[in-house]
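See below for the structure under consideration.
Every number in this text was worked out from the coordinates using simple rules, so none of it is lab data. On a predicted model such as this, the values are computed, not experimentally measured, just so you know. When we count neighbours, we look across all protein chains shown, and the Cβ atoms used for this are built from the backbone with ideal geometry, even at glycine.
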Amino acid sequence: MKVAISYPPIVNDRGQKAMVSQNRNVQFFKTPTYLLPVVHGQAATWLKNLGFEVIWDDGNAQLKSYDQWYQNLVAMTPDVVVFESTTPVMNFYWRTTAALKKDLPGTIFIMTGYHSMRRPEETLEEAPFDIVLRSNHVDFVLSKLIPVIAANADWRQSCDIEGLVIRDANGKFRSTGHFRQVEPLERSPIIDRDLVQWRNYAYENGNYLQTPGTYATSVVRDCMFGKCTFCRYNGPDLTFSMLPVEKSLDEYERLINDYGVKEIFDDSGVWYRGKEAREFAEGIIKRGLHKKGCYFGFNTRFEYLDKDTIELLAKANFRFVLIGLEAADEETLVKLNKGYQLQHVERSLKWMSDAGLHPHLTIMVGYYWQTREQLRQTVDFVKSLMFRGLARTMQVTLCTPLDFTPYHQECISKDVLLTKNYDDFDMSKLIVKTPIPHSEYYDAVKELYGIAFHPRFLLRQAQYLLTFRRRDWQFLFTYGIRAIRRVRNHIFNLTSADAGPKQATLHPPTGNSLT
Amino acid sequence: MRSGLHKVIGVDLLTDLTYMLRLERNDMSFVPGQCFNLGIPDTAVNREYSSYSGIYDDELQFLIRQVEGGQVSPKFRSLRAGDMVEVDGAYGMFVIDQDLVKTRKFYFIATGTGIAPFHCFAKSFRDLDYQLIHGTRYANECYHRQDYEQGRYINCATTENSGDFHGRVTDYLKINPPPIDAMFYLCGNRNMINDAYDLLRSRGISSSQIITEVFF
């Protein structure tokens with residue numbers, strides 16, 4: 001049986017590609033970031049290990065045009081195609097699958113991802129998908145499901161693997177119940193880097209201070225906090241699972257020694273904390289991996305890491321720490337269920353920057369309640385942190401409700417959503433009613449990105465570079481150039497949003513098959 | 001959801017490593033099963049703990065196991081009456097559907113301090129028909145078993161023969177199969193959750209009847 005795990009190139013009419021960004025949100029950029037879909041990479045590896053023929057078909061990372069990708073996929077005649085959903089590309093996937101089903105009538109189409117898992121019937125109604133996975137544990141489910149399909153001609157009726165909605169032989173939808181929330185992650189294989197063609201993802205990624213970089217197999221799926229209302233890793237259906245420290249260390253050792261990786265980022269919603277974080281850092285040092293010129297990075301939350309642990313991580317050659325600073329007013333943090341207090345932000349960042357870590361802030365603006373004063377507080381606070389060198393880099397996004405997160409549901413129930421068209425949920429413009437004009441939030445984003453060109457910030461960055469233990473001037477050129485390109489991308493998008501509600505058209509256009 | 005400083009009423013030592021942190025409630029509201037973030041003021045570090053106390057209790061209680069080599073749990077243990085704790089919350093969706101309370105039997109399966117949300121359920125829902133199966137190493141880890149109605153609490157002690165049952169919670173469930181139409185809540189270490197989940201599914205219990213939360 002031939003299984004294609006597919007990511008079609010999605011290009012809008014501005015010529016921008018859909019890139020999967022923080023928390024696997026989709027944004028469109030001229031110069032995309034190519035993020036390795038980690039869980040799907042594990043699924044591909046697992047299926048290959050089970051003896052199935054697996055096609056790793058990431059048209060984006062493989063730099064294919066949509067037509068090339070489509071024609072190649074049809075020519076390969078896979079028995080199963082697996083896609084990953086998120087709100088802004090649902091219409092695209094529905095159209096694409098409708099076209100593909102005509103050209104590949106015998107192929108089974110499976111949809112995964114956080115949008116369809118919460119509205120499986122919608123996807124089955126809108127497009128000729130055969131199965132929708134309700135589980136975030138795509139690797140575990142596919143490793144059970146594909147053998148069942150291969151061995152049972154009547155799988156539509158007989159398959160009882162939990163967490164599926166199946167289109168049965170009569171076209172009706174059959175649910176197999178709730179999915180298994182906790183899985184023993186150590187049973188899922190470490191990603192086969194050759195299978196997923198890891199080098200395609202090794203350079204264009206803003207989270208890498210050095211290249212080639214790669215994503216580790218996530219140690220936590222999805223997030224051990226899992227309460228932030230805007231985040232897709234939050235819901236009554238989700239808890240978290242954790243990979244043992246030693247297994248992750250084994251992977252790091254292999255990535256460094258066998259693949260020559262110079263940066264490893266773990267994109268778990270939140271990485272280890274406390275005892276596990278210290279054990280991991282000690283393991284890196286014990287194995288001598290901190291002396292191999294490879295940096296390590298992760299996502300964390302404020303108030304998760306103490307000073308001693310941060311210093312130990314720095315000693316183990318950790319650098320890039322991505323940390324959400326969603327707003328600088330307590331009311332917003334409370335509404336978002338962030339679970340940290342503003343008063344501790346500076347101290348946490350100071351511990352990190354003093355230890356030589358590289359805190360990267362992720363900021364959001366445009367909450368449906370955000371006032372001018374709250375917005376100004378956020379802008380001023382972030383500028384202050386950046387100018388004082390407490391954070392090294394940052395990114396700002398427009399808070400966009402998607403994938404039926406609690407924030408999304410709240411926007412629906414409070415009737416603040418300005419559109420129901422999923423294409424509009426691509427983070428390029430605000431889609432909620434707000435107390436002040438949208439242009440003020442866009443201006444705030446531009447002002448924040450303007451920090452990158454401010455003399456005070458540039459001076460701080462120069463001072464920071466001089467403190468590098470290894471005088472890594474490569475960083476200045478590679479990371480700096482990539483950072484500036486990202487800033488230009490963001491500002492371009494906001495300039496377009498300012499110009500009016502121009503609707504991006506995703507290819508293929510509605511109703512057309514491109515074959 | 002709110003945050004604030006809460007005064008420590010006391011720290012009750014229950015075993016060598018486990019204790020109950022008791023805080024003034026300050027009108028803090030929550031749904032049974034939810035957790036709070038607790039932090040020592042000015043340390044800039046917090047941790048999540050499920051409420052051990054019920055919604056009608058005057059104080060907030062948290063059942064905490066001290067992590068060996070941990071940075072946070074030993075500090076909570078050393079608190080004294082009158083000290084302050086930062087409390088954020090409440091969060092989480094490991095909660096009971098109120099509509100099911102009067103119509104369904106509930107099986108609560110826990111290991112160690114994973115019993116905390118079930119203690120909260122038992123104290124909050126007076127009409128709840130439940131069976132609590134608690135896995136511990138030793139029988140002295142049956143924290144506050146007097147708080148449960150007669151016959152509802154079963155201790156499964158793995159390293160000594162003085163509990164209600166000698167063995168793992170999964171061993172108990174194999175010998176005492178639960179009703180197939182009950183609701184099952186699993187909370188504790190992930191190995192127990194995985195094993196218990198497999199066992200329940202093998203008995204024909206639907207995945208929609210099994211709700212899990214990992215403690216670590």
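For this structure, a couple of remarks:
- Restricting attention to the stretch B:190-208, the residues that are more than 8 Å from every other protein chain (Cβ to nearest Cβ) and either surrounded by 16 or more Cβ atoms within 10 Å (Cβ to Cβ) or touching a helix residue (DSSP H, G or I) at 6+ places or on another chain (Cβ under 7 Å) (or both) total 6.
- When A:Y272, A:Y252, A:Y233 are checked against the criterion of being free of Cβ contacts under 8 Å to residues at least 60 places away in the same chain and outside any helix (DSSP H, G or I), a single residue qualifies: A:Y272.
- Conditions (1) out of contact with any strand residue (DSSP E or B) (no Cβ under 8 Å at 6 or more places or on another chain); (2) of a type outside the set (A, V, I, L, M); (3) more than 14 Å from chain A (Cβ to nearest Cβ); (4) free of Cβ contacts under 8 Å to residues at least 12 places away in the same chain: number failed by B:D127: (4)
- Enumeration of residues in the stretch A:172-189 that are among the basic types (K, R) and either more than 8 Å from chain B (Cβ to nearest Cβ) or not in a loop (DSSP other than H, G, I, E, B) (or both): A:K172, A:R174, A:R187
- Pairs with Cβ under 7 Å, 6+ apart, first in the stretch B:27-47 and in a loop (DSSP other than H, G, I, E, B), second of a type in the set (D, E): B:P41/B:E86; B:A44/A:E303; B:V45/A:E303; B:V45/A:D306
- When residues of the stretch A:295-311 are limited to those that are more than 9 Å from chain B (Cβ to nearest Cβ) and buried (at least 21 other Cβ atoms within 10 Å of the Cβ), the one farthest from the chain's Cα centre (by Cα): A:I310
- With a requirement of 1 or more residues that are over 30 Å from A:F265 (Cβ atoms) and under 21 Å from the mean Cα position of the chain (by Cα), the helices (runs of 4 or more DSSP H) lying completely within the stretch A:357-468 that satisfy it span A:406-413.
- Hits in the stretch A:319-367 (condition: farther than 30 Å from A:G293 by Cβ and of a type in the set (G, A, S)): A:A327, A:A328, A:G339, A:G366
- For B:I193, the conditions (1) closer than 18 Å to A:Q181 by Cβ; (2) out of contact with any strand residue (DSSP E or B) (no Cβ under 9 Å at 6 or more places or on another chain) all hold with the exception of (2).
- The residues of the stretch B:49-72 that are under 23 Å from B:H144 (Cα atoms), surrounded by fewer than 21 Cβ atoms within 10 Å (Cβ to Cβ) and either more than 14 Å from chain A (Cβ to nearest Cβ) or touching a residue at least 12 places away in the same chain (Cβ under 8 Å) (or both), listed by number, are B:G54, B:I55, B:Y56, B:D57, B:D58, B:E59, B:R65, B:Q66.
- Filter result (surrounded by fewer than 23 Cβ atoms within 10 Å (Cβ to Cβ) and over 26 Å from the mean Cα position of the chain (by Cα)) within the stretch A:73-97: A:V74, A:A75, A:M76, A:T77, A:D79
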